[in-house]
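The values are calculated or read from the model by the stated rules, or taken from the named source; none is laboratory data. As the structure is a computational prediction, the values presented were derived from the model and not from experiment. Cβ sites come from the backbone with ideal geometry, for glycine too, and all protein chains shown count toward neighbours.
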Amino acid sequence: MNRAKVLVVEDDNFTRSTLVAAIRTQGIEVVGSASNARDALAIQARYAPDIAMLDFDLGPGPTGIDVAHALRSRQPNIGILILSTFRDPRLLSTKLPPLPSGSLYLCKQDIDDVRKIVDQLLMVNEKRFGRVVRKIFPKRETIPLTEMQMDILALVAKGLTTAEIARQRNVSEKAIENTISRISVQLGIVKDSTQNQRVQLTRAYMRLAGKST
C-alpha cells in the first residue's frame, strides 16, 4: 500500500489538510489534494494517482460521485473511496448517478481513528487489482426509503407544509400525509401524542445527514 499514490479531494481547507497529514503519517503517499473537480482532474493528469479519496459533498457544482466518474472515464482502474456525512447519498439528492463500480462509501460518523480510513484504502487498492479481499467487503448503508420518500423527507426537514409539498409534487395533501406516515414507520418513529411527528422526522433526517440538530 505504501507504493500506492493517493489523491485527496475535499472542499473544506482544514479537513483536507488534516486528512492529508493523517494518512501521510501512516506511510501513504499523497500526490496531491484538491478542493474541486477541475483541480482534481488536473492533478490526475499530472500524477495518475492509484486511488482517489473524495468528499461526497463538495458544495455547489459536481459532487464527489460526479468527480469519481470523471476520474474513471480517464483512468478506468483508479480506486475510489468516498467519504460522506450522509448515511445514504440520496439524502443529498435522489438524482445522483450510481456509485462507480468497486468503489467504497464511508460515513464520516463512523471514523474514530485514521486507521479506519487506511483500512478502506487498503481494500480499495486490493479491489483495484482484482485481488480477493480477506476482510468482509463493507456494504454502504442504505436507508429503507424509496426515492420519492427521500424527496418528501427532505422537504419536511426544510419546514415545508403538507399543502406546499403536495403542490410541488402535484398530488393531494392526503397522499402526502400517508407518505409521511409510511416514512415514520420505516424510520422507526413511533406515533406519540407527546411528540411532534415533523420535528422527529427532521431530527431523523439531520442525524442521517450527519448534521447537528
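Just the residues that are surrounded by 13 or more Cβ atoms within 10 Å (Cβ to Cβ) and within 19 Å of Phe86 (Cα to Cα), please, taken from region 185-207.
Gln186, Leu187, Gln200, Leu201, Thr202, Arg203, Ala204, Tyr205, Met206, Arg207, listed by residue number.
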State whether the residues of region 84-97 include one that is charged (D, E, K, R) and within 21 Å of Leu122 (Cα to Cα). no
Name the helices (runs of 4 or more DSSP H) wholly within region 1-115 that hold at least 2 residues that are within 30 Å of Leu201 (Cβ to Cβ) and not aliphatic (A, V, I, L, M)? 64-74
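Just wondering, is there one or more residues in region 44-56 that are of a type in the set (Ser, Thr, Tyr), farther than 18 Å from Asp12 by Cβ and in contact with a strand residue (DSSP E or B) (Cβ under 9 Å, 6 or more places away or on another chain)?
Yes, there is a match, as at least one residue in region 44-56 is of a type in the set (Ser, Thr, Tyr), farther than 18 Å from Asp12 by Cβ and in contact with a strand residue (DSSP E or B) (Cβ under 9 Å, 6 or more places away or on another chain).
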In region 176-183, is there at least one residue being touching a residue at least 12 places away in the same chain (Cβ under 8 Å), part of a loop (DSSP other than H, G, I, E, B), hydrophobic (A, V, I, L, M, F, W, C) and crowded, with 16+ Cβ neighbours inside 10 Å? no
Considering region 70-88, residues that are under 24 Å from Ile28 (Cβ atoms) and within 14 Å of the chain's Cα centre (by Cα), and then whichever is surrounded by the fewest Cβ atoms within 10 Å (Cβ to Cβ), we arrive at Thr85
Which is at pLDDT below 85 and loosely packed, with under 12 Cβ neighbours inside 10 Å, of Lys127, Lys135? Lys135
